[in-house]
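Worksheet for the structure shown next.
Throughout, read-outs are computed from the coordinates displayed, never taken from laboratory work. Given the structure is predicted, the values throughout are model-derived calculations rather than measurements. Cβ: placed from backbone, ideal geometry, glycine included. Neighbour counts: every protein chain shown.
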């Protein structure tokens, strides 16, 4: 069971990751000026199915590609979702209360993969080597440049 403090801790543990505050002081995590995870503002495309109110508790995470997006959506449809706004874009969404259904290892995978999808190659190579995964840059989650 994880929460937003855990998201922040993992995101900021990634090399050169920075936290920025966006609209309404919502956190966004960037590497090399590129978003990899952010607390989304209320939007027309994400509404509560019961009340129809815009959701203010949505976390967006970058994924490698549409295939990875489809995998996460199929694997945990009660936790991860998308909207028409993100059709054709490699991002998955989850409601912040759903973080309670995410295990720490899964959170680390999500956030580190999001970071890998946006970080510069030099950082990826160094990070993978530090993880004991040197030489796997080509097979790492890497898209979006």
### Message
Taking 0.36 nm per residue of sequence separation and subtracting the Cα-Cα distance, how much length would be gained by fully extending the chain between residue 133 and residue 25, in nm to one decimal?
### Response
35.3 nm
### Along principal axes, Cα extents of the stretch 4-130, largest first, whole Å
47, 32, 27
### Task
Starting from the eigenvalues of the Cα gyration tensor, five times each then square-rooted, give me the equivalent ellipsoid semi-axes of the stretch 70-123, largest first, whole Å.
20, 16, 9
### Summary
With 0.36 nm assigned to each residue of separation and the Cα-Cα distance removed, residue 87 to residue 9 gains 25.2 nm
### Query
Sorting 21, 110, 12 on the 10 Å Cβ count, fewest up front, what's the list?
21, 12, 110
### Message
Just want to confirm a number: the relative contact order over the stretch 4-130, from Cα pairs under 8 angstrom separated by 6+ residues, in percent.
### Response
25
